[in-house]
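> Before anything else, here's the structure in question.
The values are calculated or read from the model by the stated rules, or taken from the named source; none is laboratory data. Computed from a predicted model, the values in this text were never measured in an experiment. Positions of Cβ are generated from backbone atoms using ideal geometry, with glycine treated the same way; all protein chains shown enter the neighbour counts. These accessible areas exclude ligands, DNA and RNA; they are computed on the full protein's heavy atoms, side chains included. Shrake-Rupley method; radii C 1.70, N 1.55, O 1.52, S 1.80 Å.
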Amino acid sequence: SFAERIKNASVIFQDGNGEAIGSGFFVDSNVIATAAHVADALGENAEIILSNGKQSHVRRIAEEDAYDIALYRAEIRNDPVMLGYFKNVEVGEEVGIIGFTRGFSDMLVHRGVISSKQETGGIKLLSINAFINKGNSGGAVFSALTGRVIGIVSARQTDIQSEKFIQLPSNYSSGFAIGGIDPVKFNVDLYNETVKLVGDVSQVGIGFVSSSDYIYALLQGIKR
């Protein structure tokens with residue numbers, strides 16, 4: 001029920017060319033939160049699509065690059081999510097992630113856990129062990145226990161470490177072949193190409209989340 005409610009409050013952000021850029025969610029009746037780097041990629045002419053297919057033009061009303069959070073005002077209204085606080089988040093807590101994933105027309109729900117919680121230089125940051133896909137940036141991360149949104153998907157690791165690949169020795173020479181194909185080299189190449197593909201589509205254990213505390217702060221700023 002938490003996932004369905006938050007999914008109904010979630011949106012896909014499109015730029016002026018109709019290209020889906022990232023995710024977001026209603027934090028007030030007509031205010032939507034997303035990642036600041038998603039906002040920067042959108043430019044000035046942005047549009048949202050809700051899970052029910054409704055669309056609306058939106059305009060940016062607040063942004064804080066240090067926390068990677070931006071707020072937009074929509075021309076339509078929708079039920080918002082309930083926000084949680086950084087201080088109430090526990091390491092090991094199960095969470096859900098909702099956001100747009102490139103290649104899919106609908107928003108997807110993923111499961112994970114809080115793997116670390118840190119506050120460095122005044123920046124509150126969570127890392128999660130979960131699948132983080134392209135397009136998830138700006139999406140809601142919520143507590144599976146309370147249903148409150150505790151943060152925004154900020155980033156995922158996109159580099160693939162070389163040690164993940166299998167390297168054959170430079171002087172490798174096959175002693176046999178099947179149908180003209182070296183089975184050892186074939187399987188190594190297949191494995192490496194699969195790692196590249198999986199690494200490009202999704203990463204596990206390396207999602208970074210900006211705390212909802214900063215959403216509260218930006219909301220207070222626009223309501224003054």
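> When a/c is below 1.5 the answer is rounded, else prolate if a/b is larger than b/c, else oblate, so apply that to the stretch 1-70 with a ≥ b ≥ c taken from the square roots of the Cα gyration tensor eigenvalues.
Taking the square roots of the gyration eigenvalues as a ≥ b ≥ c, the stretch 1-70 is oblate.
> With a cut-off of at most 13 other beta carbons within 10 Å, and DSSP calling the residue loop, which GluC sites (Glu not before Pro) in the stretch 24-126 qualify? Please list them.
Those that pass, being in a loop and sparsely packed, are E44, E75, E90.
> Turning to a different aspect of this structure: Given a 1.4 angstrom probe, I'd like the percentage of the accessible area of the stretch 1-152 that is carbon and sulfur, rounded to a whole number. Intermediate values should be presented prior to the final figure.
Values: 3170 of 6800 Å².
Carbon and sulfur together cover 47 percent of it.
> Taking the convex hull of the Cα atoms, report for the stretch 70-146 its projected area averaged over all directions, in nm².
Working: hull surface 25.7 nm².
Average projection, Cα convex hull of the stretch 70-146: 6.4 nm².
> Grab the Cα-Cα distance for D106 and N88, subtract it from 0.36 nm times how many residues apart they are, and report the gain in nm with one decimal.
3.4 nm
> If I take all pairs of Cα atoms in the stretch 34-100, what percentage of them are more than 15 Å from each other?
Distances greater than 15 Å cover 65 percent of the Cα pairs.
> On to the next question. Cβ under 13 Å from A36's Cβ, A36 left aside: what net charge do those residues give with Lys, Arg +1 and Asp, Glu -1?
Here the charged neighbours net out to -4.
> Give, as a single signed number, the net charge of other residues whose beta carbon lies under 15 Å from the beta carbon of N88, with Lys and Arg counted +1 and Asp and Glu -1. It would help to have the intermediate numbers written out before the result.
Values: positive: K87, K117, K124, R148; negative: E90, E93, E94, E119, D213.
Overall, the nearby charge balance is -1.
> What net charge do the residues around I123 carry, taking every other residue with its C-beta under 13 Å from that of I123, with Lys and Arg at +1 and Asp and Glu at -1?
Result for the neighbourhood of I123: -3.
> Could you work out the relative contact order of the stretch 1-72, using alpha carbon pairs under 8 angstrom and six or more residues apart, expressed as a whole percent? Walk me through the intermediate numbers first.
Details: 135 pairs, mean separation 21.6, N = 72.
In percent, rounded to a whole number, it is 30.
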